[in-house]
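Visitor: Sharing a structure, written as structure tokens. Questions coming.
The values are calculated or read from the model by the stated rules, or taken from the named source; none is laboratory data. Given the structure is predicted, the values throughout are model-derived calculations rather than measurements. Virtual Cβ from ideal backbone geometry, glycine too; neighbours counted across all protein chains shown.
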Amino acid sequence: MTGSLADLKLDFPILSRTINGHRLVYLDSAATSQKPVSVIEAELDFYTQHNANILRSVHTLAEEATTLYSQARESVARFIHARRPEEVVFTRGTTESLNLVARGWGDKFLTAGDEIVVSPMEHHSNLIPWQEVARRTGAHLKFIELTPDGQITRDAARAVIGEHTRIVALSAISNVLGTINPISEIATMAHSVGAIMVVDGAQSVPHQPTDVATLGADFLAFSGHKMCGPTGIGVLWGKLSLLEACDPIMFGGEMISFVDREHATWAEVPEKFEGGTPNIAGAIGLGAAVHYLEGVGMDHIYRHSINLGEEAYRRLRSMDGVTVYGPSRPRSGLVAFNIDQIHPHDVAQVFDSRGVAIRAGHHCAQPLMQWLGVGSTARASFYFYNTEEDIDGLTEAVEGTKRYFRR
Ligand code: C6P
């Protein structure tokens, strides 16, 4: 850890900005986290000192760039305890990673009558690729129903996972409810019927220690930009044998082994999935982000996220005219809420006038909004650089919004 939590804020230049004359209270890290200086400098260093394409030329810059890109892959592999760096495929983010599994594995192995199990709390990125692969192959989507407070129980999962299940695809942490799902137990159920477990780790990998072996996943998708890394870079981790079985979905340069006029054969994993010039600077930035997070300590980040999430939930819940969604605990560091009679977009606008950045909308989870019976919600999301003082900023903004609309 590099210092106290208050000191860590100093690593993020943007957090010392003022917005509309107020100290910035950034409560939108579930949408994207802020970036520490070390990540910004890693990208700057790449472009000012080492910029070249990778895996192609033999000049010094090209070799340096290739080495830095490979080191970034090794750092990410270490961060999630992958057995080998080759199991880490660089993508643009969670969305692309999940599409890769749906196309590369689903299109190849699913047939009519097979079942894909998801839940109503999934982000569109972990739903639409499965809807589409179901449409293409004749497979069916099945949903694990949630408890009234938005949790997935083992019994509910057991009721849906059966002999026809080929894929179970769930988020480890919901981006709206903050629910922490029992992934490893559900993975055991999936494996017992011969299905694969696909985990959407967009909200979990940034906030909790990740060990792909204990998680029980076969594939894990996550985004760099939610874990202090740059936008446009993310990861699909997969068990090597499964990645080898997947078809590539992007064809072109550097993903081939041999090409003649009529045919092509593929490079080994992971290059097979990284056709074209990749986001080299982004991968290097993600490698720097991983080093930064390791320095802070993922156990520490996890405890802090949970403390802030539970405390914000408790305080918002005790306020008049505020509805809070999701379980009281365990919950991760984000809270979705509504203020009676005030549209969430108006809430977010008044918050912004006070320097408090939150997200409002359907959070790319429309089936979940339908389940909640609302069109949209406001959402405050925390990271390790947030403090109790930021929860004060949140609750004061709620009171301020209520006063503003009462006038
Ligand atoms: N959720 C949010 O504000 P991308 O956009 O590919 O980096 O991540 C997609 C994604 C997938 N799964 C979950 C659980 C997510 O939360 C997200 C991104 C952001 O909640 C933007 S919609």
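Visitor: Give just the number: which of (1) buried (at least 20 other Cβ atoms within 10 Å of the Cβ); (2) within 16 Å of the ligand (Cβ to nearest atom); (3) without any contact (Cβ under 8 Å) to a residue 40 or more places away in the chain does Ile306 not satisfy?
Guide: Only one criterion is unmet by Ile306, namely (2).
Visitor: Take segment 204-235 and flag every residue that is within 11 Å of the ligand (Cβ to nearest atom) and hydrophobic (A, V, I, L, M, F, W, C).
Guide: Val205, Ala221, Phe222, Met227, Ile233, Val235 - these are the residues of segment 204-235 that are within 11 Å of the ligand (Cβ to nearest atom) and hydrophobic (A, V, I, L, M, F, W, C).
Visitor: Turning to a different aspect of this structure: Hey, could you check segment 261-303 for residues that are closer than 30 Å to Arg56 by Cβ and of a type in the set (Ser, Thr, Tyr) and say which is surrounded by the most Cβ atoms within 10 Å (Cβ to Cβ)?
Guide: Checking each candidate, the answer is Tyr292.
Visitor: On the basis of being within 18 Å of the chain's Cα centre (by Cα) and of a type in the set (Ser, Thr, Tyr), does Thr95 make the cut?
Guide: Criteria met by Thr95.
Visitor: Taking segment 16-75 on its own, how many of its residues are surrounded by fewer than 19 Cβ atoms within 10 Å (Cβ to Cβ) and in a strand (DSSP E or B)?
Guide: Count: 4.
Visitor: Is it fair to say Leu236 is farther than 30 Å from Tyr385 by Cβ, at pLDDT 95 or above and surrounded by 13 or more Cβ atoms within 10 Å (Cβ to Cβ)?
Guide: no
Visitor: Has segment 57-76 got any residue that is modelled with pLDDT of 95 or more and touching an Asp or Glu at 6+ places or on another chain (Cβ under 7 Å)?
Guide: No, segment 57-76 has no match at all.
Visitor: Continuing with this model, one more query. Looking only at segment 190-215, how many residues end up being surrounded by fewer than 21 Cβ atoms within 10 Å (Cβ to Cβ) and farther than 18 Å from Val235 by Cα?
Guide: Qualifying residue count for the region: 5.
Visitor: Let me ask another. Only one of Ile144, Ile152, Ile116 is modelled with pLDDT of 95 or more, aliphatic (A, V, I, L, M) and closer than 29 Å to Cys228 by Cα; which?
Guide: Matching residue, one of Ile144, Ile152, Ile116: Ile152.
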